[in-house]
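Reading through the structure tokens given below for one structure.
The values are calculated or read from the model by the stated rules, or taken from the named source; none is laboratory data. Computed from a predicted structure; not experimentally measured. Glycine gets a Cβ as well: all are built from the backbone with ideal geometry, and neighbour counts include every protein chain shown. These accessible areas exclude ligands, DNA and RNA; they are computed on the full protein's heavy atoms, side chains included. Shrake-Rupley method; radii C 1.70, N 1.55, O 1.52, S 1.80 Å.
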Amino acid sequence: MSDHQKPVRRAFVFGGGGVLGFAWIVGALTAIQHELGIEPGAGDLVVGTSAGSVIAGLLGCGVDIDTIRRHQLGMPLPEDPAITWNYDVDTGGSLPRRPGLRPGSPRLLWDGIRQPSMVSPVRIDARSYIDGGTASNASVDLVPKDEFDEVYVLAPMAALEPDSPRSPVAMVERRMRRAITKGIAGDVAVLREAGARVMLLTPGRDDLSVMGANLMNPNRRIVVLHTTMRTAAVELRNQQHGARRRVATP
């Protein structure tokens, strides 16, 4: 690299989206890797919210996207690190059983029904905590607007290409998506006005169809990942083509 050639300053932003949002981000990152030949590295800023924070944490621990994808597909290599979860750091072990209704959870369920976008704060050491997605689904506003050349925003809860579902549950979910999309688009506009090249990827019609309205459905994880690898690759090509056309236009 010559003295006059500076490294590209990149930031990656991963939004929330539950189990299927996680799978969608993995598929989108795979498409970026294959189409653009890049993936988050040690010198990049990585911002994650909710499900996106899990991917950000894995990448920060040195787990690459290929390894994460193999785990999502249930086909890890023998040499791949174990990606497991346990509440007790002393025991290690594997993913715990999914909790069912039990004392305490009926109130959480009622809070979720009464106020779907907000549940009661959790008190830890005299401080109150809420899910990061309550403030912003993707936290794009945390990216300093004057410090990065390229910003990749992967937002599984937004939708730049909305569909028209007939299910009442899906219709409510799409209404929430519209609000999330508006907020993320506003934050993206600020970065673009500052001169950053921003690629915003969101689920398209095909993605929304396979995701359904329940983003916590693990049975759709693999089909969502495979679908996103295809649709995100097409969207990346379209955005690149559009950028080249804008540059070529006098």
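Before moving on, here are some points about what is shown:
- Environment charge at L73 (Cβ cut-off 14 Å; Lys +1, Arg +1, Asp -1, Glu -1): +2
- With the simple model of a label 7 Å out from the Cα in the direction of the Cβ, A194 to L73 spans 3.7 nm.
- Fraction of C-alpha pairs exceeding 23 angstrom in the range 161-242: 30 percent, rounded to a whole number.
- In the range 166-212, the portion of solvent-accessible area held by carbon and sulfur atoms comes to 58 percent [1.4 Å probe, whole percent, DNA, RNA and ligands not counted].
- Using R0 = 45 Å, the C-beta based FRET efficiency linking I124 and H241 works out to 0.40.
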